[in-house]
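Single-structure report; data block below.
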Amino acid sequence: MPLASLVIAAAAYLLGSIPMGYLLVRIFRHEDIRSVGSGNIGATNVLRAGGKGLAAATFLLDVLKGSASVWLGGLLGALLMPDVPLRTAQAIAALFAVLGHMFTCWLRFRGGKGVATGFGVFLVASPLAALAAIGVFAVVFAISRIVSVSSIVGAASFPLFAWFLVTGPRPPAFFVVQCAVALLIIAKHHENIRRLLAGTESRFGAKKTA
């Protein structure tokens, strides 16, 4: 079982570590997204670089790699440790896919904040809870126009939705990972939190003053 868990973790990490935003901006704009805006490789910073289409593609691909990681983790779990609950294998994959995105080995462990990838992993593991959390994100964003606030609140709401909406077997690792991923996403927004407390966090669509 430990070896099988390592295989699942490694596979999910490598898949999650593919830096979609970095690759898209490098290929289509011949720029390094890490030198733009916040230096983040996620969809929000890709949008800041002026690529609406690339930002949408980055978000979609980050979601898909998260979902694919959990699907692959579940498949490997069924093959390598059939006596272990499917959701335990999915939980391992979910955690390491998000860690891969946040700390990608391809960019010296400088990655994204994990919002889209986190949504992707839970879209497979807990679809109703994931959709409810993205709904919270949308509502908070519509009110605040601040992406970081929406991401933090959406991430924080996910474990709560999962607790009430997930049915069937619910091994301890399943909920531990959900809470861990939510905390990782919030922690990755530490710079945004500082700006929020200082009142300097930017709003989406706001014009910069000269």
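The values are calculated or read from the model by the stated rules, or taken from the named source; none is laboratory data. In this text, all values refer to a predicted model and were calculated from it rather than measured experimentally. Please note: Cβ atoms are built from the backbone with ideal geometry, for glycine as well, and neighbour counts cover all protein chains shown. What goes into the accessible areas is simple: the full protein's heavy atoms, side chains included, and nothing from ligands, DNA or RNA. Shrake-Rupley method; radii C 1.70, N 1.55, O 1.52, S 1.80 Å.
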Handout entry: Members of the stretch 194-210 found to be under 24 Å from the mean Cα position of the chain (by Cα) and modelled with pLDDT of 70 or more, listed by number
Key = Arg194, Arg195, Leu196, Leu197, Glu201, Ser202, Arg203, Phe204
Exercise for the section: Considering every residue within the stretch 157-176, establish whether at least one is hydroxyl-bearing (Ser, Thr, Tyr) and either in contact (Cβ under 8 Å) with a residue 60 or more places away in the chain or within 23 Å of Asn40 (Cβ to Cβ) (or both). Expected result: yes
Practice task
Report, by residue number, each residue of the stretch 141-174 that is touching a Phe, Trp or Tyr at 6+ places or on another chain (Cβ under 8 Å), surrounded by fewer than 17 Cβ atoms within 10 Å (Cβ to Cβ) and part of a helix (DSSP H, G or I).
Solution key: Trp163
Fill in the blank from the handout: Restricting attention to the stretch 133-177, the residues that are under 15 Å from Ile193 (Cα atoms) and of a type in the set (Val, Ile, Thr) number exactly 5
Completion exercise
Turns out the helices (runs of 4 or more DSSP H) fully within the stretch 1-81 with at least 1 residues that are among the charged types (D, E, K, R) and either touching a strand residue (DSSP E or B) at 6+ places or on another chain (Cβ under 8 Å) or open to solvent by less than 10 Å² (accessible area, probe 1.4 Å) (or both) are 52-80
Fill in the blank from the handout: Screening Leu24, Leu3, Leu75, Leu15 for residues that are touching a helix residue (DSSP H, G or I) at 6+ places or on another chain (Cβ under 9 Å), at pLDDT 90 or above and under 29 Å from Glu201 (Cβ atoms) leaves only Leu24
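Every residue, every condition in (1) over 19 Å from the mean Cα position of the chain (by Cα); (2) at negative phi, yes or no:
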site: Arg29; (1), (2): yes, yes
site: Gly37; (1), (2): yes, no
site: Asn45; (1), (2): no, yes
site: Gly66; (1), (2): no, yes
site: Pro82; (1), (2): yes, yes
site: Arg87; (1), (2): no, yes
site: Gln90; (1), (2): no, yes
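Listed here are the residues, each with its yes/no results for (1) acidic (Asp, Glu); (2) free of Cβ contacts under 8 Å to residues at least 24 places away in the same chain; (3) open to solvent by 50 Å² or more (accessible area, probe 1.4 Å); (4) farther than 14 Å from Ala12 by Cβ.
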residue: Ala91; (1), (2), (3), (4): no, no, no, no
residue: Phe109; (1), (2), (3), (4): no, yes, yes, yes
residue: Ala116; (1), (2), (3), (4): no, no, no, yes
residue: Val121; (1), (2), (3), (4): no, no, no, no
residue: Ala129; (1), (2), (3), (4): no, no, no, yes
residue: Val139; (1), (2), (3), (4): no, yes, yes, yes
